[in-house]
Amino acid sequence: MKNTTFIQAKEGDRCILILVILSETIKIFRAMKKHYTIKKYLLSDGLNNAKTKKNHLKTKILYLSASTQNYKGRDLCPYATHVCRLLCLVNTGHAEHKNSVAESRVNRSNFFIQDRVLFLTKLLKELSNANKLAKKNSTKIAIRLNGTSDVDFIQHIRSSFGIDILTEFENLTFYDYTKSFQRVKKYMGSNYRLTLSYSGENFKDIIEAINLGVNVSVVFEPAVIEKIKSGMINQWAGMRIVSGDENDLEMILQDSKILALKFKGSRTKTKYQQQVEQGIEAGFIIPEASEFFNHRTTLILD
């Protein structure tokens, strides 16, 4: 029947039909094309990170490319502000000068986006193996699933397989930074310690978070960080400050604290200073001149 209709079609209609078929065929082939390769591991060893290598627990981290840096342009940092994207640490450190680092993160992001169930299956297997190793050695392993992203992997795994990894893997301790206060509240009291990141635009949320016993990460300019480490500065807006740069697990060890972070920008001195100035202007980086260093009680906002 299709062939008869095709033969009887006018020449112009036939050309249109051929173009439609060709177009659909191209779409199918594009859909079949893989935008990633499967590597041996998704999780990276924390010993390769300047801060996590100082953790008292063995640590594994999942690094994706941040924001929309993937083949579909899907946002893996949906709560990021403009300045956060502009000064993102995903472009700093090794990633600033090693294309292979950035390419590996994009590859993992493409894997997650294009074949999510397969990606989560592999991630689940790696977590299971880590749990077995920790159990065998009668210890715990710290897991950070968002090294450079802000995705609820706990929920993704739960929705895909009906498995709650927070209770299933008793020898794993999960932790992350996030700009989603809703997610922070969602996982309070569980085996997933979330630290709320200050963006310069969520001041009310960080006050509420501190009052709930949650830690908050705030980026300060370098001069302030040195004074925090020396003990000359120990509060901001009436909230207690501890250094969040000593090791990554301060996020687990502390409660109701501001974890002070030094801005991780370009390794080029001039560019770094420009980034600091941009961050201060946007309210993302707190300068030494901040009036809130003079407050002795936590600010209460209506």
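In table form, for the structure just shown:
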read-out: Solvent-accessible surface ranking, highest first, for L76, L57 at 1.4 angstrom; value: L57, L76
read-out: Three principal axis lengths of the range 181-273 [C-alpha, angstrom, descending]; value: 42, 26, 25
read-out: Whole-percent carbon and sulfur share, accessible surface of the range 188-302, 1.4 Å; value: 47
read-out: Karplus 3J(HN,Hα) series, Hz, for the range 176-185 with 6.51 cos²θ - 1.76 cosθ + 1.60 (x for Gly, Pro); value: 6, 9, 7, 9, 9, 5, 4, 5, 4, 5
read-out: Cα gyration tensor shape of the range 123-180, rounded if a/c is under 1.5, else prolate or oblate by comparing a/b with b/c; value: oblate
read-out: Vicinal HN-Hα couplings computed from phi for the range 45-56 (Karplus, 6.51 cos²θ - 1.76 cosθ + 1.60; Hz; Gly/Pro x); value: 6, x, 5, 8, 10, 4, 8, 5, 5, 8, 5, 7
read-out: Amide H partners (placed H, <5 Å) of F174, local residues excluded; value: I143, R193
read-out: Amide H contacts under 5 Å for S217, placed H, 5+ residues apart; value: L196, S197, Y198, L259
read-out: Whole-number accessible area per residue in Å² for the range 59-210, which is evaluated in the context of all protein chains at 1.4 Å; value: 43
read-out: The range 34-180, accessible surface, carbon-and-sulfur percent (1.4 angstrom probe); value: 51
read-out: Normalised contact order of the range 90-213, rounded percent, pairs of Cα under 8 Å and 6 or more residues apart; value: 17
read-out: Accessible area of H56 in the full protein assembly, 1.4 Å probe (Å², nearest 10); value: 120
read-out: For the range 82-88, 3J(HN,Hα) per residue [Karplus equation, 6.51 cos²θ - 1.76 cosθ + 1.60, θ = phi - 60°, Hz, x = Gly/Pro]; value: 4, 5, 4, 5, 5, 9, 3
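The values are calculated or read from the model by the stated rules, or taken from the named source; none is laboratory data. This is a predicted model, so every value here is computed, not measured. Just so you know, the surface numbers come from the protein's heavy atoms only, side chains and all, with ligands and any DNA or RNA stripped out. Shrake-Rupley method; radii C 1.70, N 1.55, O 1.52, S 1.80 Å.
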